[in-house]
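The values are calculated or read from the model by the stated rules, or taken from the named source; none is laboratory data. What you see is a predicted model; the values in this text were computed from it and never measured. Positions of Cβ are backbone-derived with ideal geometry, glycine not excepted, and every protein chain shown enters the neighbour counts. Ligands, DNA and RNA are excluded from the accessible area calculation, which covers all protein heavy atoms including side chains. Shrake-Rupley method; radii C 1.70, N 1.55, O 1.52, S 1.80 Å.
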Amino acid sequence: MNFVFKDHYGMDDLLRIMEILRGEGGCVWDREQDHHTIRNNFIEETYEAVEAIDREDTDLLREELGDVLLQVVFHARMEEEAGGFSFSDVCDGICKKLVYRHPHVFGDVTVENSGQVLDNWDKLKKAEKHQQTAASTLEGVSKALPALVRAAKVQKRAGKVGFEYPALADALGDLRSEIAELEEALAKEDGDGVFEEMGDVLFSAANVSRLLKADPEEALTRSTEKFIRRFHRMEQAAISNDIELSECTIDELNDLWREAKKAEKIIGGITT
């Protein structure tokens, strides 16, 4: 095996390691993979990098960015083996895109603020992707994004052509309307209707969150963390009083939950 062990490795070494792992006499598991089998790995590694950012953990971020980079190299290597493209082609593509979409840096375009930079970026992106209609820009939002992220992104793009509630109160009214339609579908015991209306409620809630400048994905993530934190506090209180949660009535559980919320506010000054 033609490989040199080093105290410090670089990008070329990573490419060589992946070549060895995928080659004859390499790793059986790595050789068996294709784009689809490691698709979810890419997603998971990206979220782990995001978690490191949220935790402001520099050492963990360095590690997780390496895992993300590995996924890029892995996919590029498989394409190179198939005669598609190489890692060098990936680098070439992103470099050309960055130069093209920054004419105020690499060209003679003048901008006064970051807002103009983003406007130019969007215009150049539309031209690059041949998005000639407003609908095509909505269709261009990746279907693989988390649903709340995709909803907010689609709504934002629709808003750029004026399809936007003039005031937050209107968006809130739409949310209430969707909840009423959900309740109507429930009353009719319409299974398909309930499913559809539930989606409309979530879509409207995402829109309200977006208009509040509160990223819906982040807002829901924080609420989920708050729920877990309070549930833990509730469970600890139950254990301290020799109470088994699974044996409690819903009223007893609600009492414990309210106590957990109250204790959290007292200790940390946290509000709902």
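Every residue, every condition in (1) open to solvent by 80 Å² or more (accessible area, probe 1.4 Å); (2) closer than 30 Å to GLY26 by Cβ; (3) part of a helix (DSSP H, G or I), yes or no:
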{"residue": "ALA49", "(1), (2), (3)": "no, yes, yes"}
{"residue": "LEU60", "(1), (2), (3)": "no, yes, yes"}
{"residue": "GLU79", "(1), (2), (3)": "no, yes, yes"}
{"residue": "VAL90", "(1), (2), (3)": "no, yes, yes"}
{"residue": "LYS96", "(1), (2), (3)": "yes, no, yes"}
{"residue": "VAL99", "(1), (2), (3)": "no, no, yes"}
{"residue": "THR110", "(1), (2), (3)": "yes, no, no"}
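Based on what the data block shows, is LEU14 open to solvent by less than 90 Å² (accessible area, probe 1.4 Å) and without any contact (Cβ under 8 Å) to a residue 40 or more places away in the chain? No. All told, GLU178 meets the bar of being buried (at least 16 other Cβ atoms within 10 Å of the Cβ) and of a type in the set (Asp, Glu).
Taken as a whole, the structure leaves ALA185 outside the set of residues that are free of Cβ contacts under 8 Å to residues at least 12 places away in the same chain and open to solvent by less than 70 Å² (accessible area, probe 1.4 Å). If VAL4 meets every condition in (1) among the β-branched types (Val, Ile, Thr); (2) open to solvent by 40 Å² or more (accessible area, probe 1.4 Å); (3) over 27 Å from the mean Cα position of the chain (by Cα); (4) modelled with pLDDT of 95 or more apart from one, which number is that one? For VAL4, the exception is condition (4).
Residues in the stretch 125-162 that are of a type in the set (Lys, Arg) and in a helix (DSSP H, G or I): LYS125, LYS126, ARG150, LYS153, LYS156, ARG157. In summary, LYS123 fulfils each of the numbered conditions (1) surrounded by 12 or more Cβ atoms within 10 Å (Cβ to Cβ); (2) without any contact (Cβ under 8 Å) to a residue 12 or more places away in the chain; (3) charged (D, E, K, R) with the single exception of condition (1).
Among the numbered conditions (1) assigned to a helix (DSSP H, G or I); (2) modelled with pLDDT of 95 or more; (3) farther than 22 Å from ARG16 by Cβ; (4) of a type in the set (Ser, Thr, Tyr), the only one that THR37 does not meet is (1).
Among the residues here, GLY66 does not qualify as at positive phi and out of contact with any helix residue (DSSP H, G or I) (no Cβ under 8 Å at 6 or more places or on another chain). Within the span defined as the stretch 66-83, one or more residues are small (Gly, Ala, Ser) and in contact (Cβ under 8 Å) with a residue 12 or more places away in the chain.
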